[in-house]
Amino acid sequence: MKIETLFEKKKPVLSFEIFPPKKEKAIQQIDETLEILCQLKPDFISVTCGALGSEVTNLTLELAKKIKHQYKIEPLVHLTCINHNKDEILLFLEEMKEYDLENILALRGDRNPELPEKKDFLHASDLISFIKQQGDFSVGAACYPEGHIEATSKMSDYLYLKQKQDVGAGHFVSQLFYDNQIFYSFLEQIRQMGVSKSIEAGIMPVLNKSQIERITSLCGASLPEKFKKVMTKYEDNKEALFDAGMAFAINQIVDLLASDVDGIHIYTMNNPTVAKRICRDIEHLIK
Ligand code: FAD
């Protein structure tokens, strides 16, 4: 099923994100993780990617195939373009078609000084229009409630978001955020600018101290005072921090659902306990 049509039939949509593990031991464990995630019956599961041709990206397709054909849940395959040319992307799309995978999250990818950038695709919008010319794919894209970290202004970033819709993006998944007011004000602004496709709110529960530092340095997400207070109080108590992080995320989700968002996308971090706890606590809100 095409994910963009799913949003026409169901609201709110619930989805999970997983990443292909790098270590062999973790690869063995991913089956157990998938088993639990799929039992929770999300509407789809997205699988992140690294650079094409790498082991990790091959694993993206392997996991997506498994999710679709073994567990019968719709996968959303992430695909980045900044380090690839058209031929490489075409090969990837051919493989998608061969395995009946029809949903792609089209991304530019982060700049990596160790990987040469190619010139065929400069922005996610270039990839989106290219994919739309290659077959009957449903294409989603990323959005950033606080603006993308490289953007010259929030407004310019929102205009490029509209461009992604104009060239064929049929739904959006948001970057993680911890302040729902920022998400609501983002929605209000982009709706006024003509972005009409469904937007899922990206939620990543904080489970440990190093994760908080990584989040703020990598994507610049603002941390509200009440969040900082709770995290500071429990940062040296692993179990308490886990409980506090989950409670904060669940509160955020309840408020988002009460505000009629199109969907919730959980960054599961391959931790099935996170997904299980959230699903248990919102069971009657998501039906
Ligand atoms: P773009 O939409 O191209 O935007 C990138 C920057 O360029 C922005 O600052 C934007 O304002 C600007 N811009 C856009 N269009 C134009 C234009 N036409 N002219 C000038 N400037 C423009 N990374 C991975 O490597 N693998 C993953 O699996 C992955 N999954 C992700 C999933 C989600 C939900 C999100 C939010 C991000 C994900 N990322 C992933 C990270 C993503 O690759 C980075 O955030 C990347 O830096 C930007 O990708 P984009 O698709 O948003 O780029």
Query raised in the report: How big is the charge dipole of the chain about its Cα centre, in debye rounded to the nearest 20, if each Lys and Arg gets +1 on its Cβ and each Asp and Glu gets -1 on its Cβ?
Result: 440
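Stretched out fully, how many nm does the piece from ARG111 to ASP281 gain, at 0.36 nm a residue minus the Cα gap?
57.4 nm
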Query raised in the report: Considering only DSSP states other than H, G, I, E and B, which trypsin sites (Lys or Arg not before Pro) in segment 108-206 qualify as loop sites with at most 10 other Cβ atoms within 10 Å?
Result: ARG111, LYS119
**Report entry** Spin-label pair LYS72/ALA258, simplified geometry with 7 Å Cα→Cβ offset, distance in nm
**Finding:** 3.7
Requested in this report: Sort out the exposed loop GluC sites (Glu not before Pro) in the chain (DSSP loop, at most 10 other Cβ within 10 Å) and tell me the longest stretch that has none.
Outcome: 151-287
Requested in this report: Identify all lysines with a Cα-Cα distance to LYS229 below 19 Å; exclude those on the same chain that are fewer than 8 residues away in sequence.
Outcome: LYS209, LYS238
Query raised in the report: What FRET efficiency would be calculated for the residue pair ALA51, LYS97, taking the C-beta separation as r and a Förster radius of 30 Å, to the nearest 0.05?
Result: 0.90
Query raised in the report: Say a paramagnetic label sat at a point 7 Å from the Cα of LEU122, along Cα to Cβ; which residues of segment 158-200 have their backbone N under 20 Å from it?
Result: 158-169
Query raised in the report: Label SER217 and GLN181 with points 7 Å out from Cα along Cα→Cβ: what is the distance between them in nm?
Result: 2.9
Report summary line: In Å², rounded to a whole number, the accessible area per residue of segment 3-285 with probe 1.4 Å is 48
Report summary line: Among LEU159, SER259, GLY50, the residue whose Cα sits farthest towards the positive end of the charge dipole of the chain, when +1 is placed on the Cβ of each Lys and Arg and -1 on the Cβ of each Asp and Glu, is SER259
Query - In order through segment 180-196: 3J(HN,Hα) via Karplus (6.51 cos²θ - 1.76 cosθ + 1.60), integer Hz, x for Gly, Pro - result: 4, 4, 5, 5, 5, 6, 4, 4, 4, 5, 6, 5, 5, 8, x, 7, 10
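The values are calculated or read from the model by the stated rules, or taken from the named source; none is laboratory data. Note that the coordinates shown come from a computational prediction; the quantities given were computed from them, not determined experimentally. Don't worry about glycine lacking a Cβ; one is built from the backbone with ideal geometry, like all the others, and counts go over all protein chains shown. Protein only, heavy atoms only, side chains kept; ligands, DNA and RNA dropped before computing areas. Shrake-Rupley method; radii C 1.70, N 1.55, O 1.52, S 1.80 Å.
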